[in-house]
Amino acid sequence: MSRRSARWVYRTLLRLFPPSFLAKRGSEMERMFSELRETWQVERSGTVLGFWLRVVVDVLRGSMAEWLSLVSARTESATAVARSEPMSDFLADVRYAWRQVVRRPLYAGLIFLLMSVGIAGNTAMFRIFDGLFLRPLPFTDADLLMDLDETAPAWELEYVGVAYPDFVEWRRSNRTFASMAVYSESGANFGGEGPSERITVVQSSHDLAQVLGIEPVLGRFYTAEEDVPDGPDVALLTEGFWAERFAREPEVLGRSISLNGRAFEIVGVLPPEARFVSEAQVWVPLQENPEQGSGWYLTGLGRLTPEATIEQALADLTSVHRGMIETRSVNETTSPVISPLRDRYLGEFRLGSGLLLAAVGIVLLIACANIAGLMLARSLTRAPEMSVRRALGAPRSRLVRQLLTESALLALLGAAAGSGLGMWGSGALVVAMRDRFPAWVTFDLDLRFLGFILGLTAGATLVFGLTPALRSARDTALATGGRATASIARRRGLGLLVAGEVALALVLLVVGGLSALDVWRLGRVDPGFQVEGTTGFALALPAARYPDADARLAFQDTYLEKLRATPGVESATLATILPLSGHMGYFFVVEGDPPPAEGEPNPVVLNRAVSPGYFQTMGVQLLAGRVFDDFDGRDDGDDVIIVNETFARTRLGGAESALGRRVAVGTGMPDSDEAWITVIGVTRDVRHYGVDEPMRPGVYQPLRQLPRATFQVALRFAGSDADAVSTARRVTSELDPELPLYSVRTMSEAMDRSLWTRRATSWLIGTFSAVALLLAVAGLYGVISYSVGQRSREISVRMAVGAQHGQVMAQVVRQGMTLVAAGAGVGVLASMAVGGLVAGILVDVSPREPVVYLGVIGVLFGVAALANYLPARRAARLDPTVALREE
Amino acid sequence: MIPSPLKPQWFQILLALAAQPLHGYAIQRAVLAQTDDQMRLWPAMLYRSLGTLEDEGLIETVPTPAEEPTDERRLYYALTDAGRDRLRQETELLARWVRAAEAELL
């Protein structure tokens, strides 16, 4: 653990002290802690764990003692009481507390259970949150690393990627970055002996290692001289690939590997941290030409100078970017964006995981309120004991301390069990999440985590332990041994607790309900294509063996024919991009439209090239016109295109009037000479980016018109998915044994994957809100039962003078439901207030969806009525004579 | 007025400050040295003790001594006159007890 994070943990622990104490001594203690830690390390006085244990015990004891002295200074008179040795007192308290626990197993068990439930959820969620947002990135001064990108609102794209000419100018003219680099990821067929394998390759500018601050573990990084157009073919291996394929032999340097049929010389091996950039196996120089407008396809990475802020850097880059407009007019539309690395890659998860953390926090709070209620009720039954001890001269602080020890003991036991449970539960979650986050995100345990659990437990103990303890110690003087009636104030206190629990539970239920409804609706959205039973995978034809369009077309024709003739294959089709698997954007102009005005939105269009039969295989519905046939896209015919509903509506005045119009790729600049393509059909929109994302304008062209080397295959197969894949592999290798299949998945998998995060979040929030409801209702039940017990004499008297069963029951139920109604009222208001926050995780549901509110209130009142009915029935069945005779 | 005898850690802190004013970490080191590594004061314990001793007027905070090489400002603690008197009394008390114990045992 770094010096800074250790200090952070300590600072967090110190929050346990009263603020007044902290203000005076906190910073001195922190500094001393740092010095102690260094000495401990230098002198090797003991293990790290031993050090932290002592530190934590010191803080826990010190903070508790400090709170108590504050409390006793307030409640005790000024007469000095001789203090006995705290340590032996403490042990005595623990022994006494343990005896109490053993004597009252039900009470202790309840607290233990509540505490474990509360801590378990927090443990699990904090582990996730910690891994995603708190753990430092594995680079020196990682705070200075920024993701660089370009944005183009007029194209309706948040991030378009960095164009190389922009980057070159940014790097040359900026004054706020220490260094800057760009890279892109692509696939390559890696060949050696045997069938080739699809691997991922990073193409980066020569300064990427410098920006990250990493050194090759072997050899060297490529140089600026090598990162030029037509430079030498050199490559670095990533550490994992080196270990897996080359058994970590140092002799790999100078050897050559084959990528897409080209030989690259290995010049170095990257350190493990390089996987932060990409999971790629090989890195090669980008070798891009700044003189060519190469499109926006690069990812930028910059290291700020320590003095620069993000705002300054953005202003700096923006002015450089604008300065290029004269020679590069498109920079009027694009502008640079800078975001801290973590925000860029994990920002979308921040809200969801934050909400989950808040949800488990609420569950813990409700559990604490229940424990406090239990303790309040219990303090009444212990009033005689307390008054006796007080009368015998025990100082009030001693009684408070003893009660606190009892709470702390139970809390610690519960927390230990709870964190174990939480670890176990989050383990499953972590496994499920592994491949959904960048590889550098890990969920290992660390000291931050230990600090969190300890701090949470101590905090919870103070929350539920201190109030009853103080109250109990104060009340004792009033209680006279024997029969005591709960004071009105105490019952009101219990009522407030329960109403608060109900309010909190309702907020959680609303959030859970909204999110569940949202996911349910998303699951029922028609994606516009056939999901079930469709398998997809990708192929890339290496340029060495398929040098031109004719070769590729020939392969594609034969391949499709062969696939379709294979037993089991119901239908097969090719496409550059299948749904849910990427984006390729072009700009289109419509014949006859005026050139776009400056700043006028020009949304980028999703462009796909597909083989005939695509629409039948994928189940995409045709709205007007016709689909492609085998003749479309041949050299002797007109170029044709099919547009989607959104394109037809926004650019061509609807489906019917779209047919026969002509469009062309281009931005509509006055001097351009467009190659016009005729619209022959309009199809329904397909949820190409996932059912939770809006669709943009999109078009299809015949694959023959745009023969690509990289394409995807969709297969409908009579049989299992595994059989579909093995059949496809066999057919492929019969045609070209060196061609690897990659990105293999079924459409249902792709769909599930696109919704996984939402589903998981929804399930978790739903579970937590159910637990919250259960706890709140249990609290309600407890308080009403307790109150009935306390008032049995009053009820008996009333029944003796003629009150009916129904009246008694009604009174008890009314009392309980008043609490519920009050809590629900507050909860509804609170839910409305947090609605704006929750809106961020919802797609198809308004945060004020009345159905959810009504449903939640209905469930709450139903369950609460049951919790009230049981004690009410007991009250009505009281035998007046028995209760009165007890007096 | 804190009753006698002083708690061991209080006594050791006063003793550590007898020679010169020290800051918190230095007090910890001094106490460790003068107790043959037997008493290791952790921050919360130390600073709570310092608080009590300060409230009782036995020690006071003083500015950073000029000869210290550090350019950081930090709190130094020094014995007050009352603190010095008290340390003397306590030492005499302990000495008396030790003498009594020795007379008994030897």
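The values are calculated or read from the model by the stated rules, or taken from the named source; none is laboratory data. Just so it is clear, the model here is predicted, and its values are computed rather than measured. Here the Cβ positions follow ideal geometry from the backbone for every residue, glycine too, while neighbour counts run over all protein chains shown.
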So A:G121 ticks every box in (1) buried (at least 18 other Cβ atoms within 10 Å of the Cβ); (2) within 22 Å of A:E273 (Cα to Cα); (3) of a type in the set (G, A, S) but one. Which box is left unticked? (2)
Quick check on region A:827-868: of everything there that is aliphatic (A, V, I, L, M) and loosely packed, with under 14 Cβ neighbours inside 10 Å, which residue is nearest to the chain's Cα centre (by Cα)? A:A833
The listed residue being within 41 Å of the chain's Cα centre (by Cα) and in the same structural domain as A:V363 (by TED's automatic domain parsing), out of A:I795, A:I765: A:I765
Selection status of A:S785, polar (S, T, N, Q) and closer than 19 Å to A:I362 by Cβ: no
Please identify the pairs in which a residue from region A:566-578 that is farther than 9 Å from A:G613 by Cβ and part of a loop (DSSP other than H, G, I, E, B) has its Cβ atom under 7 Å from the Cβ atom of a residue that is modelled with pLDDT under 95 and basic (K, R), counting only partners at least 6 apart or on another chain. A:T576/A:R608; A:T576/A:R708; A:I577/A:R608
Take A:L706 and tell me if it is closer than 16 Å to A:A575 by Cβ, surrounded by fewer than 19 Cβ atoms within 10 Å (Cβ to Cβ) and assigned by TED's automatic domain parsing to the domain that holds A:A597. yes
Considering only residues that are part of a strand (DSSP E or B) and crowded, with 19+ Cβ neighbours inside 10 Å, which ones fall in region A:159-178? A:V162, A:A163, A:F177
Go through the residues of region A:598-611 one by one and say whether even a single one is more than 40 Å from the chain's Cα centre (by Cα) and over 17 Å from A:Y586 (Cα atoms). no
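Given the criterion at pLDDT below 90 and aliphatic (A, V, I, L, M), identify the matching residue among A:L735, A:L741.
Just a single option satisfies the conditions, and that option is A:L741.
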Give the residues of region A:1-46 that are assigned to a loop (DSSP other than H, G, I, E, B), under 33 Å from the mean Cα position of the chain (by Cα) and more than 9 Å from every other protein chain (Cβ to nearest Cβ), sorted by residue number. A:M1, A:S2, A:R15, A:L16
Unmet requirement for A:Q701, which otherwise passes all of (1) crowded, with 17+ Cβ neighbours inside 10 Å; (2) part of a helix (DSSP H, G or I): (2)
Among (1) buried (at least 18 other Cβ atoms within 10 Å of the Cβ); (2) within 10 Å of chain B (Cβ to nearest Cβ); (3) in contact (Cβ under 8 Å) with a residue 24 or more places away in the chain, A:W52 falls short only on (2)
If I ask for residues that are more than 10 Å from chain A (Cβ to nearest Cβ) and acidic (D, E), which ones from region B:35-52 would you list? B:D36
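Which helices (runs of 4 or more DSSP H) does region A:48-158 wholly contain that include 3 or more residues that are at pLDDT 80 or above? Before you say what the answer is, go through the steps one by one.
Numbers: elements: A:48-75, A:86-103, A:105-129.
Passing ranges, in order: A:48-75, A:105-129.
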Considering residues that are away from every other protein chain (no Cβ under 14 Å) and surrounded by fewer than 20 Cβ atoms within 10 Å (Cβ to Cβ), the number found within region B:15-34 is 5
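Test of understanding: among A:A724, A:A728, A:A714, A:A718, which residue is in the same structural domain as A:A565 (by TED's automatic domain parsing), touching a residue at least 40 places away in the same chain (Cβ under 8 Å), touching a Lys or Arg at 6+ places or on another chain (Cβ under 9 Å) and among the small types (G, A, S)? Lay out the reasoning, then the answer.
On the way: A:A728 fails: touching a Lys or Arg at 6+ places or on another chain (Cβ under 9 Å); A:A714 fails: touching a Lys or Arg at 6+ places or on another chain (Cβ under 9 Å); A:A718 fails: touching a Lys or Arg at 6+ places or on another chain (Cβ under 9 Å).
None of the other options fit; the residue is A:A724.
Quick grid of which residues meet (1) farther than 28 Å from A:L739 by Cβ; (2) basic (K, R):
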{"position": "A:E215", "(1), (2)": "yes, no"}
{"position": "A:E226", "(1), (2)": "yes, no"}
{"position": "A:A235", "(1), (2)": "no, no"}
{"position": "A:E244", "(1), (2)": "no, no"}
{"position": "A:V252", "(1), (2)": "no, no"}
{"position": "A:R255", "(1), (2)": "no, yes"}
{"position": "A:G261", "(1), (2)": "no, no"}
{"position": "A:I266", "(1), (2)": "no, no"}
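Looking at this structure, is A:G690 in contact with a helix residue (DSSP H, G or I) (Cβ under 6 Å, 6 or more places away or on another chain) and closer than 30 Å to A:L623 by Cα? Step through it out loud before you land on a result.
Values: in contact with a helix residue (DSSP H, G or I) (Cβ under 6 Å, 6 or more places away or on another chain): yes; closer than 30 Å to A:L623 by Cα: yes.
For A:G690, the condition - in contact with a helix residue (DSSP H, G or I) (Cβ under 6 Å, 6 or more places away or on another chain) and closer than 30 Å to A:L623 by Cα - is met.
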Within region A:704-751, which residues are part of a helix (DSSP H, G or I) and small (G, A, S)? A:A722, A:A724, A:S726, A:A728, A:S733, A:S748, A:A750
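Does A:M125 satisfy the condition of being under 21 Å from A:G354 (Cβ atoms) and either in contact with an Asp or Glu (Cβ under 6 Å, 6 or more places away or on another chain) or not assigned by TED's automatic domain parsing to the domain that holds A:Q287 (or both)? Write out each step before concluding.
Working: under 21 Å from A:G354 (Cβ atoms): yes; either in contact with an Asp or Glu (Cβ under 6 Å, 6 or more places away or on another chain) or not assigned by TED's automatic domain parsing to the domain that holds A:Q287 (or both): yes.
Yes.
Give me the strands (runs of 3 or more DSSP E) completely within region A:257-345, filtered to those with at least 2 residues that are outside the structural domain of A:P232 (by TED's automatic domain parsing) and not polar (S, T, N, Q), ordered by residue number. Before you say what the answer is, go through the steps one by one.
Working: elements: A:262-269, A:282-285, A:296-304, A:335-340.
Result: A:335-340.
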